[in-house]
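Bear in mind that the values in this text are calculations on the coordinates, not laboratory data. What you are looking at is a predicted structure, and each value in this text was computed from that prediction instead of being measured.
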């Protein structure tokens, strides 16, 4: 299923048909659902929402943890780029555990996945946990 994430997010981006380049996300949940979402622009920078936010909110609502997350930059005037989760989205995704697999771009532009704990090996919450796997409710 994780191999379908790129195709699903690209399909979603093409259907969404934004008038300019923007970011889109897809996430795979523990039950096998693929969720999609899009960046939300706002006049005030602090009100903008990263593309992954919709997937994170939907997975939380469904009580179906995200296992894999992928974000792309796509639009009518650019090549598609794989974007690894920003620090804020890494923080948001950590609610599903530090083993969530995050898409990164390999040197050849191919999608690869790395566990969240590898992207942020010194996670702040580890100071309070003996176990570095920050799972909700633990």
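Quick one: helix 5-16 against the long Cα principal axis of the chain, what's the angle to the nearest 10°, folded into 0 to 90? Relative to the chain, helix 5-16 is tipped by roughly 40 degrees. Only one of the listed values, (1) 35, 34, 28; (2) 69, 54, 30; (3) 47, 35, 29, was derived from the coordinates as Cα extents along the principal axes in Å; which label is it? Comparing each candidate, only (3) matches the computed number.
Take the alpha carbon gyration tensor of segment 4-77, find the square roots of its eigenvalues, order them as a ≥ b ≥ c, and report rounded if a/c is under 1.5; if not, report prolate when a/b exceeds b/c, else oblate.
Values: a/c = 2.70, a/b = 1.33, b/c = 2.04.
Oblate.
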